[in-house]
Every structure is written in C-alpha cells, then in structure tokens.
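A.B. asks: Just passing along the structure, written as structure tokens.
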Amino acid sequence: MFPDATLLDASGEDLIVACQRGDAGAFSQLFETYKDRVYSIALRFSGEPAAALDIAQDTFVKLLSRIGDFRGEARFDTWLYRMVVNSCLDHKRRGNRIAPFVESLIDNLRPARATALEDLLREEFEQNVQSVVARLPAEQRMVVILRYTEGLAYDEISEILHCSTGTVASRLNRAHKTLERRLAHLKRSS
C-alpha cells in the first residue's frame, strides 16, 4: 500500500473527482502523494535512475489523460499500480535495458560485511544477483518486485496484474527456482 494512502479515504474521493474535473491543484496533490512510490517501483524494475524517471513520467502522463476513466471499481492505488506496471512493460518493449534492484534478496543470501574484501565481494555478488533477476521474464520480475520490494499480498498483486492468485504464486515459484538455480554458485562460495 502507498505510504500516504490515508489521503485517499473519504477526502481522497473528492481529490479524484477534482482531478477528473481538470483541477490542476488536485492533480498536483495526487502527484505529490504518489511520486515517490511510482518512481521506486520504476527504479526497481529498470535498475537505472534515468529510465525510472522516464517510466514515472510516462505513468503520470497516462494518469493525467486517463483519470476520467477511474470509476472506483478498484482501489485507486491498485489502479495506479497497474499503470506503473504497464509503463514498465512498455519501457521494456521499447528495448531499454532492465536490471532491477533486489537488495532484500541479496541480504538474505549473504552475511553482513565487515572488511574491505567483503565489501568488494558483496559488490560482485550484487552485480551477479541483479544480472540474474534482470534476465527473469518480465512477468516474473514484476511479481518479485511487487512482492518483495513493495510488500504486497498475492491478492493485491493478482488484482494489479489482472491474473489469478494462483498465477501470481506460480510466477513467484518459477522465479524462486530460477534464482536459486542461477545463484547456487554464489551460495556455495559464501
């Protein structure tokens, strides 16, 4: 869930209605509420700050042009997450390099560092993990990002990706197996 989602409870509906009427101040407030979360997802998917800015900008341009389509059938943050996912996938289709950030995965596979040599080894390890995650199919990579970096539940991810919770579990399971297989050599050397 977005950190400032409380803004979109009772008064949030008014904010969205104001945006739908073309109120620039309301859209500015919506932008301020969600800009960090949108950028964070884009950065984790792309791995590059410049690409993440492009994806975030694309998302907010889509939001501005499509805010009138929001009917409240889903939570607003879920609807916006879907836009971010689509922008990430559009970016990938345009042929841009994708290398998501997976710090939590790295922390789980590697002990804490204490020396300069361990710092170098950790940096090499991070590059290996990022490279493996970047090679995951986009659907698996997005499930990994939404689950582990955004902390979303399976049902929230399924709503965002328009698939069943079983599909989310299956994609996550396949991603786990791929990561375990491709990173096994790093675990043995730790």
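The values are calculated or read from the model by the stated rules, or taken from the named source; none is laboratory data. Just so it is clear, the model here is predicted, and its values are computed rather than measured. All Cβ positions, glycine included, derive from the backbone under ideal geometry; neighbour counts span all protein chains shown.
A.B. asks: From the residues in segment 153-183 that are within 18 Å of Ala74 (Cβ to Cβ) and in contact (Cβ under 8 Å) with a residue 60 or more places away in the chain, which one is surrounded by the most Cβ atoms within 10 Å (Cβ to Cβ)?
C.D. replies: Here the answer is Ile160.
A.B. asks: From Ile55, Ile67, Ile41, which residue is touching a Ser or Thr at 6+ places or on another chain (Cβ under 9 Å), surrounded by 15 or more Cβ atoms within 10 Å (Cβ to Cβ) and over 17 Å from Glu159 (Cα atoms)?
C.D. replies: Numbers: Ile67 fails: touching a Ser or Thr at 6+ places or on another chain (Cβ under 9 Å); Ile41 fails: over 17 Å from Glu159 (Cα atoms).
Testing whether each residue is touching a Ser or Thr at 6+ places or on another chain (Cβ under 9 Å), surrounded by 15 or more Cβ atoms within 10 Å (Cβ to Cβ) and over 17 Å from Glu159 (Cα atoms) leaves just Ile55.
A.B. asks: Could you look through segment 14-23, keep only residues that are closer than 12 Å to Ile67 by Cα and assigned to a helix (DSSP H, G or I), and pick out the one that is nearest to the chain's Cα centre (by Cα)?
C.D. replies: To start, the set of residues in segment 14-23 that are closer than 12 Å to Ile67 by Cα comprises 15-23.
Among the residues that remain, those that are also assigned to a helix (DSSP H, G or I) are: 15-20.
Details: Leu15: 24, Ile16: 23, Val17: 26, Ala18: 27, Cys19: 24, Gln20: 26 Å.
Among those residues, the one meeting the criterion is Ile16.
A.B. asks: Restricting attention to segment 139-151, and to residues there that are touching a residue at least 24 places away in the same chain (Cβ under 8 Å) and not charged (D, E, K, R), which single residue is nearest to His91 (Cα to Cα)?
C.D. replies: Step one: filter segment 139-151 for residues touching a residue at least 24 places away in the same chain (Cβ under 8 Å), giving 139-150.
Adding the requirement that they be not charged (D, E, K, R) leaves 140, 142-146, 148-149.
On the way: Gln140: 16, Met142: 13, Val143: 17, Val144: 18, Ile145: 16, Leu146: 17, Tyr148: 21, Thr149: 20 Å.
Here the answer is Met142.
A.B. asks: Give the residue that is surrounded by the fewest Cβ atoms within 10 Å (Cβ to Cβ), with candidates limited to residues of segment 6-21 that are modelled with pLDDT under 90 and small (Gly, Ala, Ser).
C.D. replies: Ala10
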